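Engineer: This is the structure, below, for whatever I ask next.
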Amino acid sequence: ISVSFLTLLLLFSALFPRAFDCCMKISHGIPKGILRRVERFEIQKSDGLCHLEAVILHITGKKFCVNPQNRKVKKMMRRMKHKVHRSTSHVRKQRRTRITKQKE
């Protein structure tokens with residue numbers, strides 16, 4: 001029985017690799033120190049394989065599952081999106097400037 005269970009488990013993990021990455025519990029409160037060190041975040045939807053809505057915060061090899069309705073988390077997500085958008089547009093402006101200088 002254990003060999004067939006192990007085989008079935010390996011087959012399931014190969015077919016559905018994200019099934020074991022789902023947050024099973026979420027924290028409702030999160031310390032500011034952790035929010036300051038977030039490198040990136042993912043939004044977990046409650047549809048599909050994962051049955052719980054969550055925001056997954058990635059901090060140097062660790063993951064924290066938090067409530068997506070938390071005000072501090074929402075604010076951090078807006079800041080990170082704005083920061084990424086600004087840095088991307090800034091790089092594009094520099095590239096355009098270099099291209100126009102080369103043509104002249």
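Engineer: Under a 5 Å amide H to amide H cut-off, with H placed in plane at 1.01 Å, what residues pair with residue 44 once short-range neighbours are removed?
Structural biologist: For residue 44, the qualifying residues are 54, 55, 56.
Engineer: If I stretch the segment between residue 39 and residue 25 completely, what's the gain in nm (0.36 nm per residue apart, minus their alpha carbon distance), one decimal?
Structural biologist: 2.9 nm
None of the figures in this text is laboratory data; all of them are computed from the coordinates on show. All values derive from a computational prediction rather than experimental measurement.
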